[in-house]
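Each remark here refers to the structure printed beneath this line.
Computed from the coordinates by the stated procedures, all read-outs in this text should not be read as laboratory data. If you're wondering where the values come from, they're calculated on a predicted model, not measured in any experiment. Cβ atoms come from the backbone with ideal geometry, glycine included; neighbour counts cover every protein chain shown.
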Amino acid sequence: MSAPPQTAPAPAGYGRVLAVPEFRAVFAAHVLSMLGVIVSEIALSVLVYDLTRSPLLSALTFALGFLPYAVGGTLLAPVADRFPARRVLVVCDLVCAGCVALMTVPGTGTGVLLALRCALAVVSPVFAGTRMATLADVLGGGDLFVLGRSLLRIVAQSALLVGYGLGGLLLTVLTPRHALLITVAGFLGSATLLRCGTRRRPARTRDRADAPAGLRGLATDRRIRVLLLVFWLPAAFSVVPEALAAPYADALGSGSAGLGLLMCALPVGTVAGELFAGARLTPAHRERVALPLLCLTLLPYLGFALRPGLVVSLLLLLVSGAGSAYTLGLDQWFVRAVPDERRGRAMTVLSAGLMTVQGVGMALAGVAAQAVGVRAAVTGAGSLGVLCCCGLALAVRATEDRDGAARDMTGR
């Protein structure tokens, strides 16, 4: 009697997500666009400085990557549901490619460069929200969606580590305008992958009169409102060490090497935490530990009150970054709470709000550090952040029974 045929074991963890062909196209497009965006940020900042010799205007090119998110997320959010998702994604990529291509034209003035930078930031939340909603279509609203979102976040964090170094190297051999052509190629490659690698799906809603009411519906739904705040508010506190890395490295006397390590510590911790939670924890365990991690993730910032040296500071930031793995459980609750017909705009508002509060958090960190010093500012962010996170955890608990999510969220 012959032995039964051997079947290949199903991939585990993130392998299950990468086994989905449509997700592979979305993932590859994300890698191309992320690296392109980071190269453009560096090149554009250098280009503006070369034209103006103004540190303020050079820094403003980075700030403009945050501020217009609120405008795009508020005014354009309904687009994510009103038109087919694939069309929205491809058009957004083409618009971004066109804006960056105009930046490469010789003689383009500083005002035009900054205006084009704003245009990119207005379009970005629509693209990000539509892509997140598309993930739920491609992977479903369960564990695969959570792992897919996690992989995209890991790419974003890793791109920060690789992209800035790559961008700096490129500018040693290319002019800023020529480096921007790489960004154009990245956006065009992303558009091609999304057009050819994903399936056309109809729009989620055709009701044009629903745009303002739909956004109000997100804000008036108590559970969605609380979950949005859980995404946003901790992020406003978590960016404080990153915003103050340069003066903190100077206070430690660690030089540029110390600055680089301080800038990398939080992203490395975040990637490690997400990889562990995604690969080693079950969906039920991820949801069960989400609120405890939420309450603890900013606690390491209190250690800066003890005036630690560089090594201990890096460890504190690594631990804090790892605690952000609570977002895997949060992703599941959010996609479960949002109706399908509002998913695109909900994800767009989520993305826009996240970028906006991070920009505000960085600005307020500078104001606080100017008034009380860098260490006190980081410690204060930790104290206020922990209190805020604990309050948000209680608010999440208070909304569990409303939609029957208590069993899923607590594991009971």
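Contact order for the chain, expressed relative to its length and based on alpha carbon pairs under 8 Å spaced 6+ residues apart, stands at 26 percent. Only one of the listed values, (1) 21.5, 82; (2) 20.9, 63; (3) 24.6, 72, was derived from the coordinates as Rg and Dmax of the Cα atoms in Å; which label is it? Among (1) 21.5, 82; (2) 20.9, 63; (3) 24.6, 72, the one derived from this structure is (1). Farthest towards the positive end of the charge dipole of the chain, among the residues VAL312, THR205, VAL162, is the Cα of THR205, using unit charges on the Cβ of Lys, Arg, Asp and Glu.
Taking all Cα pairs closer than 8 Å and separated by 6 or more residues, the relative contact order of the range 234-334 comes to 39 percent. Charged neighbours of SER45, selected by a Cβ distance under 14 Å, balance to +1 (K, R count +1; D, E count -1). Report summary: the helix-based calculation at 222 nm, which adds -39500 (n - 2.57) for every DSSP H run with n ≥ 4 and divides by the residues of the chain, gives -26500 deg cm²/dmol. Count Lys and Arg as plus one, Asp and Glu as minus one, and take only other residues whose Cβ is under 13 Å from that of CYS92; the net charge is then +3. Considering only the other residues whose Cβ falls under 13 Å of the Cβ of LEU113, what net charge follows from Lys and Arg at +1 and Asp and Glu at -1? Combined, the nearby Lys, Arg, Asp and Glu give 0. Here the Gaussian network model covers the chain, with springs between Cα atoms less than 10 Å apart; of GLY253, GLY98, GLY140, GLY253 fluctuates the most.
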